[in-house]
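Undergrad: Please see the structure below; I have some questions.
Derivation of every value follows stated rules applied to the coordinates shown; laboratory data play no part. All values reported here derive from a predicted model rather than from experimental measurement. Quick reminder, even Gly has a Cβ in these numbers, built from the backbone with ideal geometry, and neighbours come from all protein chains shown.
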Amino acid sequence: MRIALLLTGLLALLAAGCTEKEAAPPVHTEKEKQIIRFATKAVNQFDDWADRAEFKLQRRQNLWYVTAWRVEHPEAKGNMRYVPWGRREMIIDDTGKLLSYSNDK
């Protein structure tokens, strides 16, 4: 009886450890939030999907390199959330000036 109880407890722990965990949303600094607002404005100006965009930010030297992804399937995981033609590359300076906006790198 004791072994069965121990095995049941181990199986429960194993099952809990194998469950898929939700990724925590990224934590952005105030400057990053400001750059995301500038990028959202740019996507809104050139495309019609700013309301469903996700952004990836990279800071290089004194410029922000921003990738906007169009989310079409929010319930999906990983790259399955996006559509291949829904990617925009932007370069934004610290003042919010859009220096480049394109479909490719």
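Undergrad: Calculate, in nm to one decimal, what residue 72 and residue 56 gain on full extension: separation in residues at 0.36 nm each, minus their alpha carbon distance.
TA: Additional length available on full extension: 4.1 nm.
Undergrad: Is the range 28-102 best put as rounded, prolate or oblate by its Cα gyration tensor, with a ≥ b ≥ c the root eigenvalues, rounded for a/c under 1.5, and otherwise prolate when a/b is larger than b/c, oblate when not?
TA: Here the range 28-102 falls in the prolate category.
Undergrad: Modelling each spin label as a point 7 Å along the Cα-to-Cβ direction, I'd like the residue 80/residue 27 distance in nm, to one decimal.
TA: Reported label-point gap for residue 80 and residue 27 is 3.0 nm.
Undergrad: Next question. Along the Cα→Cβ direction, 7 angstrom out, place labels at residue 99 and residue 65. What is the inter-label distance in nm?
TA: For residue 99 paired with residue 65, the spin-label model returns 1.2 nm.
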